[in-house]
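Enquirer: Please find one structure pasted underneath; my questions will follow.
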Amino acid sequence: MFNHKNAVMRVVYSKIFSHLYGVLLLLMAFLLIQPAAHSQVVNETTKKKFNIGFGMFNDFVLNVPSGLKTRTIDQGVDLFGLYNLPLGKSKFSFSFGLGMSAHNIYGNFLVNKVGDTTVLEKIPSTVSYKRSKMTVVYLEIPLEFNLKTTSGVKITAGGKIGYLVGSHAKYVGNVVDSNYMFNTGKKIRIKQVGIPNLQQFSYGPTVRIGYKWIAVNCEYMLSSLFIKDHGPGMTLISLGLVLVPY
């Protein structure tokens with residue numbers, strides 16, 4: 001994989017990323033275990049002004065380099081808080097807020113850097129491995145227009161702007177190539193923090209259709225994962241379920 005320079009800084013970045021990801025999961029768990037009665041109290045006082053939601057989604061990867069495959073299920077998680085501004089006395093409102101999403105892309109590849117370009121090296125079919133993936137995490141600003149009907153149906157359309165706050169590549173399996181893996185002749189586990197040449201910003205439209213506190217959510221990342229001409233031109237379509245208990 002890519003070189004091991006600045007090892008100390010990578011340890012620091014790894015700890016920061018782990019804390020961010022841990023906070024995301026803890027907040028999701030907190031929302032899940034709240035008693036229904038308490039949720040009702042919160043909803044009565046804040047549901048018209050503020051929403052907290054979380055979701056799980058699957059990423060469909062577009063423009064995968066020739067010869068490579070991604071896993072059918074590339075699960076990810078997201079968490080967000082929104083402030084709602086009613087548009088007069090209509091059923092429409094505008095929302096903005098802050099969120100975080102973590103995307104996991106599994107495949108038959110390893111992340112490597114050749115010169116100033118990030119490439120995905122195909123793992124030979126003769127090599128046995130348990131998993132190989134790359135993870136990217138974004139801090140996001142969602143902007144949405146909402147329609148809420150009296151029947152409880154909610155339709156939301158808008159977009160997200162994200163800022164990259166963490167990334168890593170992980171490989172668990174046998175040695176692949178001594179040029180970029182430890183040549184021990186045994187199974188190894190490697191985590192490389194800071195994938196080179198990722199775009200710092202992401203953006204794209206979002207659509208959400210639901211009933212009361214549950215919804216189907218779809219996001220299309222218009223920006224590519226990597227900087228143009230310095231990495232694969234992959235983009236993501238995320239489809240999943242969102243729960244908005246508050």
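Read-outs: derived from the displayed coordinates by stated rules, not from any lab. None of these values were measured; they are calculated from a predicted model. Reconstructed Cβ throughout: ideal geometry from the backbone, glycine too, with neighbour counts over all protein chains shown.
Enquirer: If you plug each phi of the stretch 75-91 into the Karplus form 6.51 cos²θ - 1.76 cosθ + 1.60 with θ = phi - 60°, what whole-Hz ³J(HN,Hα) values come out, in order, with x for Gly and Pro?
Expert: In residue order, the calculated couplings are 6, x, 9, 8, 9, 8, x, 10, 9, 9, 10, x, 9, x, 9, 7, 8 Hz.
Enquirer: Next question. Quickly work out the residue 218-to-residue 117 label distance, labels modelled 7 Å from Cα along the C-beta direction, and quote it in nm with one decimal.
Expert: Each label point is offset 7 Å from its Cα along the Cβ direction, giving 3.4 nm.
Enquirer: Using the Karplus curve 6.51 cos²θ - 1.76 cosθ + 1.60 with θ = phi - 60°, work out ³J(HN,Hα) for each residue of the stretch 49-57 in order, rounded to whole Hz, and write x for Gly and Pro.
Expert: 10, 9, 10, 10, x, 8, x, 10, 9
Enquirer: Okay, moving on. Order the peptides 152-162, 58-68 from the highest to the lowest mean number of other Cβ atoms within 10 Å of their residues. Don't jump to the answer; show the numbers that get you there.
Expert: On the way: 152-162: 16.7, 58-68: 14.5.
Ranked by mean Cβ neighbours within 10 Å, highest first: 152-162, 58-68.
Enquirer: Here's another thing I want to ask about it. Under 5 Å between amide hydrogens, which residues at least 5 positions from residue 195 or on another chain qualify, with H placed 1.01 Å from N in the peptide plane?
Expert: Answer set, sorted by chain and number: 167, 168.
Enquirer: Check which residues have an amide H placed less than 5 Å from residue 231's amide H, if you skip close sequence neighbours.
Expert: Long-range HN contacts for residue 231: 118.
Enquirer: Still on this structure: Along Cα→Cβ, 7 Å out, is where each label goes; now give me the distance between the ones at residue 229 and residue 211 in nm to one decimal.
Expert: Result for the modelled spin labels: 5.2 nm.
Enquirer: Can you work out the Karplus-derived ³J(HN,Hα) for every residue in the stretch 95-102? Use 6.51 cos²θ - 1.76 cosθ + 1.60 with θ = phi - 60°, whole Hz, and x for glycine or proline.
Expert: 10, 9, x, 9, x, 8, 9, 10
Enquirer: In nanometres, what is the gap between the two model label sites at residue 125 and residue 143, each 7 Å from Cα along Cα-to-Cβ?
Expert: Placing both labels 7 Å beyond Cα along the Cβ direction yields 4.8 nm.
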